[in-house]
1. Enter the per residue convex hull volume of segment 1-81, computed from alpha-carbon coordinates, in Å³ rounded to the nearest integer.
2. Rank by packing, highest mean first: peptides 68-76, 43-51, 19-27, with packing defined as the count of other Cβ atoms within 10 Å averaged across residues.
3. Mind scanning K40/K115; K25/K124; K14/K124; K25/K46 and naming the pairs with a C-alpha gap bigger than 21 Å?
4. May I ask you to compute the full-extension gain from D65 to E128, defined as 0.36 nm times their residue separation minus their alpha-carbon distance, rounded to one decimal in nm?
Amino acid sequence: MENFLYETDDYRFKFEDGIFYMTYKTGPITLSVAKEIVSKRRELMKGEDIWALIDDANLRSIDRDARDYLSSDEGIYGIRAGALLISSPFAKHLAKFFLMITVNKPKIPTKVFSKRDEALQWLKELKES
């Protein structure tokens, strides 16, 4: 898969060196934005599985319906592991959401980080195993 960058007003996707980066740029994330995020991610990844680093950046909120959708089988399709990089006051809420995915879908390793290099190292180790 070739490296790429895709950006909207709400989020940014970057694929580089085998890692899929998603940065939430603003909020709230509504159900329609969540569906757009998943649809565009799947389109860009062309059916390939991903190891994702999710950065909450400036995300202020996420609607319950959006949270439910993102944790559904459709929402997590193709994600092999997710490292959540905490960087905002909303981070605890988002971290709980990703930990909920881990509990409901144990096939997806998920871990919360405050340092980008540690998150990347964890993802790369999982990818290589």
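1. Cα convex hull per residue, to the nearest whole number: 79 Å³.
2. 19-27, 68-76, 43-51
3. Pairs exceeding the cut-off: K40/K115; K25/K124; K25/K46.
4. Contour length minus the Cα-Cα distance gives 19.3 nm.
Every number here is computed from the coordinates shown, using simple stated rules; none is lab data. Predicted, not measured: the structure shown is a model, and the values here were computed from it. So basically every Cβ, Gly included, is an ideal-geometry build from the backbone, and we count neighbours across all protein chains shown.
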